[in-house]
1. Got a number for residues in segment 96-132 being over 21 Å from Arg65 (Cα atoms), open to solvent by 20 Å² or more (accessible area, probe 1.4 Å), of a type in the set (Gly, Ala, Ser) and more than 13 Å from the chain's Cα centre (by Cα)?
2. Just give me the residues in segment 131-159 being at pLDDT 85 or above and among the polar types (S, T, N, Q), in sequence order.
3. Quickly run through segment 275-290 and pick out the residues that are among the aliphatic types (A, V, I, L, M) and surrounded by fewer than 16 Cβ atoms within 10 Å (Cβ to Cβ).
4. Kindly list, by first and then second residue, each pair from a residue in segment 20-40 that is touching a residue at least 24 places away in the same chain (Cβ under 8 Å) to a residue that is part of a helix (DSSP H, G or I) and among the charged types (D, E, K, R), limited to pairs with Cβ atoms under 8 Å and residues at least 6 apart or on different chains.
5. Looking at (1) crowded, with 17+ Cβ neighbours inside 10 Å; (2) within 16 Å of the chain's Cα centre (by Cα), which one does Phe145 not meet, given that it meets all the others?
6. So Glu311 passes all but one of these: (1) closer than 23 Å to Met224 by Cβ; (2) free of Cβ contacts under 8 Å to residues at least 40 places away in the same chain. Which condition number does it fail?
7. Return the residues of segment 294-315 that are in contact with a strand residue (DSSP E or B) (Cβ under 8 Å, 6 or more places away or on another chain) and open to solvent by 50 Å² or more (accessible area, probe 1.4 Å); say none if nothing qualifies.
8. Those residues that are outside any loop (DSSP other than H, G, I, E, B) and open to solvent by 20 Å² or more (accessible area, probe 1.4 Å), I need them from segment 182-197; list them, please.
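The values are calculated or read from the model by the stated rules, or taken from the named source; none is laboratory data. Nothing here was measured: the structure is a model prediction, and the numbers come from that model. Ideal geometry is used to build each Cβ from the backbone, glycine not excepted, and the neighbour counts take in all protein chains shown. What goes into the accessible areas is simple: the full protein's heavy atoms, side chains included, and nothing from ligands, DNA or RNA. Shrake-Rupley method; radii C 1.70, N 1.55, O 1.52, S 1.80 Å.
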Amino acid sequence: MALRRVCRHWHTLTQDLLYPHVWLNYSRNWSYISNAVSQPHIAALVRNVRLSPTRFDHNFSILQRCASHIELVVQPEFPRTERVYTGPLDEPLPDLPSLQHVYWIESAWSTPLLLAILRSAVKLQHLAISSSSSIDSSFFRSASFPPLSRLRSLLVIGLPRTDISAFLRHSHLTSLEELTIPPMYLMLQLPSIPTLRTLILANSYYASSTVSFAVILDLFPQLMELRYSLASSLIPPTGGQFASALVCVHLLSHNSPPPYSIDPHCLLLLGPAFGALERVVLAGPGWVGTQALEWEEWRSIKDRGCIVEMEKRPH
């Protein structure tokens, strides 16, 4: 912002730095941003937008003006102490041909805009929806869901369980490869997703849960990678079920586990259903500083030819 005041040439150069990432943070910034993106050459620079948590009229306007080149949209949490301006959504959004990533904290206020985005994002590939801690969600009570046939990864956490099943059934997830859900969602009437390759059972670092391999192998026959908590209780596959594509299992641990805690998991993975398994990855901060790779309890897994390794952590 300081450099742009040096001269006209620098003003032009800094536009490439200022406008790819737009943050609709405070209403007092709206006039400046609105005037800028009303110029087509600046609107074409916008790639990523962090929407306002309260001014949905501004959100709709920025998406409408910058529709052609936006690649990523983030909807942050709603601050309960502030006033909301929903704005009329009396016209559809234009197509969002470049939008591929949406990260959304869902609340009743944001539902109409989210549905409008999903209808317009014809090439959306990555969608993450989590629940607001302040306002109930209404998205999953929608009468109909836009088709998401190109979606490759989906994360849904903290949303009403009874509505998730309908969403997964009616969204035409014919290309979905990665799904992140809480383990409890496996107990719902979920649809089979033959294209799924990676299943991440989230919300299980801190609390015990039940992981049903019988359900997993039934719903996701081509699953190659599974992530779940070491603290989970296990429901084994039924007779005749085989994880023919499952080559990697990540065991998550938040607290330092004792060696014997891995026994139920080793016993399960040594079963005939898991003949394709190649790697067991120890993930999460609980394994850090332990000698877990040397535990005798892994011997049977290693003797079968599987690699047991620590997850690579970013520096």
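1. Looking only at that region, the number is 1.
2. Ser149, Ser153
3. Quick first cut of segment 275-290, residues among the aliphatic types (A, V, I, L, M) only: 276-277, 280-283, 288.
Across segment 275-290, the qualifying residues are Ala276, Val288.
4. As it stands, the answer is Val37/Arg65; Ser38/Arg65, since those pairs meet every condition given.
5. (2)
6. (2)
7. In the first step, residues of segment 294-315 are kept if they are in contact with a strand residue (DSSP E or B) (Cβ under 8 Å, 6 or more places away or on another chain); the result is 298, 301-302, 306-311.
Result: Lys302, Ile307, Met310, Glu311.
8. Just the residues of segment 182-197 that are outside any loop (DSSP other than H, G, I, E, B), to begin with: 183-187.
Listed by number, the residues that qualify are Met184, Met187.
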